[in-house]
1. What is the one condition in (1) of a type in the set (A, V, I, L, M); (2) over 17 Å from the mean Cα position of the chain (by Cα); (3) closer than 18 Å to ILE201 by Cα that ILE150 does not satisfy?
2. For the condition hydrophobic (A, V, I, L, M, F, W, C), over 21 Å from the mean Cα position of the chain (by Cα), modelled with pLDDT of 95 or more and part of a helix (DSSP H, G or I), what is the one hit in VAL119, VAL108?
3. Specify the residue that is surrounded by the most Cβ atoms within 10 Å (Cβ to Cβ); the eligible residues are those in the range 136-168 that are within 21 Å of GLU182 (Cα to Cα) and among the charged types (D, E, K, R).
4. Of all the residues that make up the range 26-67, how many are surrounded by 11 or more Cβ atoms within 10 Å (Cβ to Cβ), among the hydrophobic types (A, V, I, L, M, F, W, C) and modelled with pLDDT under 90?
5. Hey, among the residues in the range 120-133 that are closer than 21 Å to GLY67 by Cβ and in contact (Cβ under 8 Å) with a residue 12 or more places away in the chain, which one's surrounded by the fewest Cβ atoms within 10 Å (Cβ to Cβ)?
6. Out of the residues in the range 182-201 that are surrounded by fewer than 17 Cβ atoms within 10 Å (Cβ to Cβ) and either touching a residue at least 12 places away in the same chain (Cβ under 8 Å) or among the charged types (D, E, K, R) (or both), state the one that is farthest from GLN66 (Cα to Cα).
Amino acid sequence: MNNSVTNTARLLGAGLRALLVLTLVTGVIYPLVITGIAQGLFSNKANGSEIKSAGKVVGSSLIGQQGYGMRYFQSRPANGLGENSLNTRYKLILSGATNLSADSPDLVKAVQQAKAKVVKDDSVPGYTVRPSQIPADAVTSSGSGLDPDISPQYAEIQVHRVAERNGLSVARVESLVKDHTESRTLGFIGDPRVNVLELNIALKALVAKG
């Protein structure tokens, strides 16, 4: 009987010591080491890839925003966010896609309406957007609804409107887009892209300079 109690106590003690050691290693030391490495080598990414303007954090380079005025470049549609979030700008509660199939009548109708809107919004005197020019990212939302980037083609379509609304030359706005166009990752992964928030921050600064 005494041996049984002793063995049980020994096993419980060993289990408790193992629990404490593993808690210390995996719950304290490991997170601190990883956090230290991340902050030391990749601080921007570790802190959420924050984008600052005038010294204030205005968003993340990984999360798209909606609600830009027509003086600015527009993001991809965020149709999947309509019923999932209290607002579609930055303080999002949930993200999501529309989950509509490619042959869904609702999707076809939404794309047609989005195309018509792009043609209307981005056509200015001397420059008319043709439906055939409009890329897919201008009329469809991404899987998450939070894509922060647009294609250079969609940015180019918006150049004339942005130039006119801000009293800038088309050439200056085109140069701005070119400067903020990122190439394929490692030269072959993904497609060239333009981060809308970063581009609009640069546009605001350009307009302020006059």
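1. Of the numbered conditions (1) of a type in the set (A, V, I, L, M); (2) over 17 Å from the mean Cα position of the chain (by Cα); (3) closer than 18 Å to ILE201 by Cα, the odd one out for ILE150 is (2).
2. Numbers: VAL108 fails: modelled with pLDDT of 95 or more.
Exactly one of VAL119, VAL108 is hydrophobic (A, V, I, L, M, F, W, C), over 21 Å from the mean Cα position of the chain (by Cα), modelled with pLDDT of 95 or more and part of a helix (DSSP H, G or I), namely VAL119.
3. Only one residue fits best here, namely ASP149.
4. Final tally of qualifying residues: 7.
5. Of the residues in the range 120-133, the ones closer than 21 Å to GLY67 by Cβ are 120-122.
The next check asks that each one be in contact (Cβ under 8 Å) with a residue 12 or more places away in the chain; those that pass are 121-122.
Details: ASP121: 14, ASP122: 23.
Per the criteria, the residue is ASP121.
6. Applying the first criterion (surrounded by fewer than 17 Cβ atoms within 10 Å (Cβ to Cβ)) to the range 182-201 yields 182-192.
With the extra rule that they be either touching a residue at least 12 places away in the same chain (Cβ under 8 Å) or among the charged types (D, E, K, R) (or both), the set shrinks to 182, 184, 191-192.
On the way: GLU182: 21, ARG184: 25, ASP191: 22, PRO192: 21 Å.
That would be ARG184.
The values are calculated or read from the model by the stated rules, or taken from the named source; none is laboratory data. Nothing here was measured: the structure is a model prediction, and the numbers come from that model. When we count neighbours, we look across all protein chains shown, and the Cβ atoms used for this are built from the backbone with ideal geometry, even at glycine.
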